[in-house]
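Here the structure comes first, spelled out in structure tokens, and everything after it is commentary.
The values are calculated or read from the model by the stated rules, or taken from the named source; none is laboratory data. Keep in mind it's a predicted model, so treat the numbers as computed, not measured. Cβ atoms come from the backbone with ideal geometry, glycine included; neighbour counts cover every protein chain shown. When the accessible area is computed, the model is the full protein with side chains, heavy atoms only, and any ligands, DNA or RNA have been set aside. Shrake-Rupley method; radii C 1.70, N 1.55, O 1.52, S 1.80 Å.
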Amino acid sequence: MSSVAVLTQESFNEHRSGLLPEKAKAAVAGTSGAEDEDSLPTYKDAFPPLPEKPLPEGVQETGNAWTTKIRPLKSSVITQVFHVPLEERKYKDMNQFGEGDQAKVCLDIMHKTGAHLELSMAKDQGLSIMVSGKHDAVMKARKEIVSRLQTQASATVAIPKEHHRFVIGKSGEKLQELELKTATKIQIPRPEDPSNLIKISGTKEGLEKAKHEILLISAEQDKRAVERMNIEKVYHPFITGAYNKLVGELMQETGARINVPPPSVNKTEIVITGEKEQVALAIAKIKKIYEEKKKNATTIAVEVKKSQHKYVIGPKGNTLQEILDRTGVSVEIPPLDSSSETVILRGEPDRLGQALTEVYAKANSYTVSSVSAPSWLHRFIIGKKGQNLAKITQQMPKVHIEFTEGEDKITLEGPTKDVQIVQGQIEAIVTDLISRMDYTEISVDPKFHRHLIGKGGANINRIKELHKVSVRIPPDNEKSNLIRIEGDPQGVQEAKKELLELASRMENERTKDMIIEQRFHRAIIGQKGEKVKEIRDKFPEVIINFPDPAQKSDIVQLRGPRTEVEKCTKFMQKMVAEMVENSFSVSVPIFKQFHKNIIGKGGANIKKIREETNTKIDLPAENSNSEMIIITGKKANCEAAKNRILAIQKELVRGLFVSIPSKLHNSLIGSKGRFVRSIMEECGGVHIHFPTEGSGIDAVTIRGTAEEVEKAKKQLLSLAEEKENGEANGEVKEPADPLVPKKCDVIVLSGRKERCEAAVEALKALVPVSVAVEVPFELHRYIIGQKGSGIRKMMDEFEVNIQVPAHELQSDIISITGLASHLDRAKEGLLERVKELQAEQEDRALRSFKLTITVEPKYHPKIIGRKGAIITQIRNEHEVNIQFPEKNDENQDQITITGYEQNAVAARDAIQAIVDELEEMISEDITLDSKVHARIIGARGKGIRKIMDEFKVDVRFPQSGAADPNLVTVTGRPEHVDEAIDHLLNLEEEYMADVVENEAKMAYMKPSGSTASSMEEPRGPSKGFVVREAPWATGNEKAPDMSSSEEFPSFGAPVTNARSSPWGPKRF
């Protein structure tokens, strides 16, 4: 018997040091059986020696492992040479070899595919291209070379329309493979196109290959058949068999594909596909099963409670399959929506009894039980995050525990024994919780609930933390006043007491609205809220809320305990009353020239009056024309201050009464007080007071300094006399001759004649004259301008006064008053302004032209464009306003355009052009592998936007969760859509190669689940690599020393002390 050596890691270490005893070898040899030894390779078989010298001619080498053919390792990099004949070359310029368009194309192909290209010119002027790289890269490069460096031919091949999908393949994979394999471009007509012609373009050689492959695919499909059988649904289980075993065997036996509708689908049709002979065989076998079962099978009907049906069905119908497998009987359960409790068993008569026993056993294997537990304890039984319940369910996973809100019970469902165990555990938990926990309910008006909760839950959280209880306050929509407290009995009582105290305090709380004029609010609040802070400090339990100044509300809200709110109300009412009392004001007319006397030296007089009367006295500014002095304070104090101020004026002013007939008073006053105001101004600001009209009093009061009063008296009497003379001499009063000047209008000049004449001319030039200008009434408001800015500008510019008639007069006449030299310019300027306004009015009317266009709402987003870009461009380009319908408008298809007529028409045409283009557009669905979608879309959509802009199309990718994640919709003009689809398919082809390559890399980088799991499985102790007749086992030689550089020399290292070795002679 030959000796055997077993080389393990441990034994090898000993062998290497030459310490392994022979006894060990014998022991190892003894433990191996003869049969095991014969199956082991010999040392020479495993490690054959190399021949020492070349064999002489005619001598055959003996066969060994080195001379037998060893399958070469396949390199990942391949090299192929492609030849393009001269007549098929696209670029034939011999002078530009290595440069020009041909070189650019080659560089582009290298860049796109990652393959390396080398070009050379053959003797026949053909082009030889050597392509190196990975297989996929070389195939892509070949396709690019054929399409871009070689002239293209085209051909068509006709195959039945129903075979086209087999040429395309799943997700277009077969078509891509064909195009790569044949280096052609294959165009298959779309499903809606009735044509059956497939167009191929490429080289002549590629065309022939592609045609051949397509015809092969079609021929293969011609052999296939599809048949449909209608078999009653109740017999389907006998055809599929338990767990689909029988139908699987049928498919394997016949080679046909059999599709039986699942039990949940109420269809009787069974579909068989495959080659004709296979389909015929499968139909025959199915018919045989059906006829046999129809003939021999009988049925029995039993009543099983509806609640137990699910136990008979089992998880995913496994129990029904189990009964069918054991007994061959099909169990038919009524649908869930049916109220029937009848279960039908169908099968061989001798098997029905066993099946019925199993049905009853399964129905009664599960039970439903309940445990009484107050509903408020349910969440404590479940535990925080379901911890308590998780302990039970982990021990008894088949038991289903159900808590119903508002019911004082827990429902258990599962295997009878398990349910009994779980029931005992839950009852123990319930008993324990009832013994150490309590609950109570308190009634609190829902309007106080939010106050009990507090801001951000502050109040209720504090109570929960303090008393270690759970408090449930019903939500507003429940409109319940019951608050539930659960937890430790003592904590429940303490929390109840605190909540009731809070509620009682809130019930005693009152909200009161005080009416305080808004003008007093700032005074009550005070500077930086100082005064209101004092009130709040005085009444700390009362909350005072002032309205927002923008609301212009007079309501100030007080909230707090009833008694405190009442006290605060009274206090604030008193404060407001004082403010009202102190806010009495009176205006005193004092001659402007006496204001300085009222103030006194250094403000002494006014300061003294203010302090002594406790009033506030405001005088008008020096540059103001007002004579009114305003006194504010208590009424009595205001009157006292007024009397003191008037007393000062009285000392300074002389009063005089002049008797003038009351009938002349109006004519003396003049239109709008023109005459009397003129006298008052001329006489240094005297005050002339006429009695009330209709009183019949003749006395006219004149007040002022003595000198000014006398002067005013003379002028007033002179004017009265003049008026009286004009009205005298008969009852019929003749109007005064306008040509005869009035006495008061005569100015006497004295001096040299020539100077007097010059002065007269100068005076005449200074006399203001008026001119009337007719301006359409509707333009008056535009002439006046915003807040009178327009008319003020004109008056300042032309140094005239322009009087516009009151609105109610509806007059077209505007009066211009000023110096004669300024009137012409002013009139001209006014008429020019009128022309401008009329032009604007006409322009406004032209700009108001409206046009409506009817456009289907589905096109509106496209017309608007991304972020309104398209519609904004149309608006700006045509200077129009475009209004789209609101959501609730009746006419959702009406777009309104406003602007100049020609602009509106142009804008309408622009919109119509967009609509026409959209109507011409088509949408086509293509299949792009979802793995490449993200790469096509690009970072932040840059990639797909570039494609859409380049090809003028819209590309829509499926949403997550879509039925077909590979379906992409391209919308645009037909020619653009075709170009875009070709581009997208090319990108998919390019990117899929990268995806496949990456997946291949990942397969090497990360082991698959099955491999990893198999590696982790425990294995027995390794015997190492075992050989027979090893040198160290037959003689006295030691095992080779792997650490020895002599026995395992490195390449090119010098060798010393050469000696014979069990490995044979050394060769270097």
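Worth pointing out:
- Among the residues of the stretch 793-808, those that are more than 25 Å from ALA762 (Cβ to Cβ) and within 60 Å of the chain's Cα centre (by Cα) comprise LYS793, MET794, VAL804, PRO805, ALA806, HIS807, GLU808.
- Qualifying positions in the stretch 524-533 - open to solvent by 30 Å² or more (accessible area, probe 1.4 Å) and either farther than 21 Å from ARG510 by Cα or among the small types (Gly, Ala, Ser) (or both): ILE525, GLN527, LYS528, GLU530, LYS531
- Restricting the stretch 893-910 to residues that are open to solvent by 30 Å² or more (accessible area, probe 1.4 Å) and in a strand (DSSP E or B), the residue that is nearest to GLN883 (Cα to Cα): THR896
- Qualifying residue in the stretch 377-386 (condition: closer than 30 Å to GLU486 by Cβ, in contact (Cβ under 8 Å) with a residue 60 or more places away in the chain and open to solvent by less than 30 Å² (accessible area, probe 1.4 Å)): yes
- Test result for GLU275, surrounded by fewer than 20 Cβ atoms within 10 Å (Cβ to Cβ), in contact with a Gly (Cβ under 9 Å, 6 or more places away or on another chain) and free of Cβ contacts under 8 Å to residues at least 40 places away in the same chain: no
- Lone qualifier among GLU710, GLU651, GLU681 - being surrounded by fewer than 18 Cβ atoms within 10 Å (Cβ to Cβ), at pLDDT below 75 and outside any loop (DSSP other than H, G, I, E, B): GLU651
Here is a yes/no grid of residues against (1) open to solvent by less than 30 Å² (accessible area, probe 1.4 Å); (2) in contact (Cβ under 8 Å) with a residue 24 or more places away in the chain; (3) closer than 23 Å to ALA839 by Cα; (4) part of a strand (DSSP E or B):
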position: GLU754; (1), (2), (3), (4): no, no, no, no
position: ALA762; (1), (2), (3), (4): no, no, no, no
position: SER770; (1), (2), (3), (4): no, yes, no, yes
position: TYR782; (1), (2), (3), (4): no, yes, yes, no
position: ILE791; (1), (2), (3), (4): yes, no, yes, no
position: MET795; (1), (2), (3), (4): no, no, yes, no
position: ILE802; (1), (2), (3), (4): yes, yes, yes, yes
position: GLU808; (1), (2), (3), (4): no, no, no, no
position: ILE814; (1), (2), (3), (4): yes, yes, yes, yes
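- For the stretch 171-212, the set of residues classified as in contact with a Lys or Arg (Cβ under 7 Å, 6 or more places away or on another chain) and closer than 18 Å to ALA155 by Cβ consists of GLU179, THR182, ALA183, GLN187, ASN196, ILE200, SER201, GLY202, listed by residue number.
- Which numbered condition THR203 misses (of (1) within 30 Å of GLY328 (Cβ to Cβ); (2) touching a residue at least 60 places away in the same chain (Cβ under 8 Å)): (1)
- Scanning the stretch 543-575 for residues that are assigned to a helix (DSSP H, G or I), open to solvent by 20 Å² or more (accessible area, probe 1.4 Å), over 22 Å from HIS451 (Cα atoms) and touching a residue at least 12 places away in the same chain (Cβ under 8 Å) gives PRO549, LYS567, PHE571, GLN573, MET575.
- Residues of the stretch 180-202 classified as more than 19 Å from GLU989 (Cβ to Cβ) and either of a type in the set (S, T, N, Q) or buried (at least 19 other Cβ atoms within 10 Å of the Cβ) (or both), total: 2
- For the stretch 626-661, the set of residues classified as in contact (Cβ under 8 Å) with a residue 12 or more places away in the chain, over 30 Å from GLU724 (Cβ atoms) and not hydrophobic (A, V, I, L, M, F, W, C) consists of GLU627, THR632, GLY633, LYS634, LYS635, ASN637, GLU639, LYS642, ARG644, GLN649, listed by residue number.
- Residue check for ILE434: among the aliphatic types (A, V, I, L, M), assigned to a helix (DSSP H, G or I), open to solvent by 50 Å² or more (accessible area, probe 1.4 Å) and free of Cβ contacts under 8 Å to residues at least 40 places away in the same chain: no
Every residue, every condition in (1) charged (D, E, K, R); (2) within 29 Å of PRO189 (Cβ to Cβ), yes or no:
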site	(1), (2)
THR896	no, no
TYR900	no, no
ALA910	no, no
ILE914	no, no
GLU917	yes, yes
SER930	no, yes
ALA934	no, no
LYS942	yes, no
MET948	no, yes
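- LYS295 vs. criteria closer than 30 Å to ILE217 by Cα and either outside any strand (DSSP E or B) or free of Cβ contacts under 8 Å to residues at least 60 places away in the same chain (or both): no
- Subset of the stretch 124-138 that is outside any strand (DSSP E or B) and touching a strand residue (DSSP E or B) at 6+ places or on another chain (Cβ under 9 Å) - its residue that is modelled with the lowest pLDDT: GLN125
- Of the residues making up the stretch 217-245, those that are among the aliphatic types (A, V, I, L, M), in a helix (DSSP H, G or I) and in contact (Cβ under 8 Å) with a residue 40 or more places away in the chain number 4.
- Comparison of LYS455, LYS391, LYS464, LYS468 shows that the only residue that is farther than 30 Å from HIS309 by Cβ, among the basic types (Lys, Arg) and touching an Asp or Glu at 6+ places or on another chain (Cβ under 9 Å) is LYS468.
- Picking from residues in the stretch 365-376 that are in contact with a helix residue (DSSP H, G or I) (Cβ under 8 Å, 6 or more places away or on another chain) and closer than 30 Å to GLY487 by Cα, the one that is surrounded by the most Cβ atoms within 10 Å (Cβ to Cβ) is ALA373.
- Lone qualifier among LEU851, LEU846 - being part of a helix (DSSP H, G or I) and surrounded by 12 or more Cβ atoms within 10 Å (Cβ to Cβ): LEU846
- Scanning the stretch 144-159 for residues that are in contact with a helix residue (DSSP H, G or I) (Cβ under 7 Å, 6 or more places away or on another chain) and either open to solvent by 30 Å² or more (accessible area, probe 1.4 Å) or assigned to a strand (DSSP E or B) (or both) yields GLU144, ARG148, GLN150, THR151, ALA153, ALA155, VAL157.
- In the stretch 926-971, the residues that are on the phi > 0 side of the Ramachandran plot and either of a type in the set (Lys, Arg) or not in a loop (DSSP other than H, G, I, E, B) (or both): ARG940, GLY941, LYS952
- Taken over the stretch 318-364, the criterion of being under 54 Å from the mean Cα position of the chain (by Cα), surrounded by 15 or more Cβ atoms within 10 Å (Cβ to Cβ) and under 22 Å from PRO262 (Cα atoms) is satisfied by THR319, LEU320, GLN321, GLU322, ILE323, LEU324, SER330, VAL331, GLU332, ILE333, PRO334, VAL343.
- Flag for THR393 being modelled with pLDDT under 85, polar (S, T, N, Q) and either open to solvent by less than 40 Å² (accessible area, probe 1.4 Å) or in contact with a helix residue (DSSP H, G or I) (Cβ under 7 Å, 6 or more places away or on another chain) (or both): no
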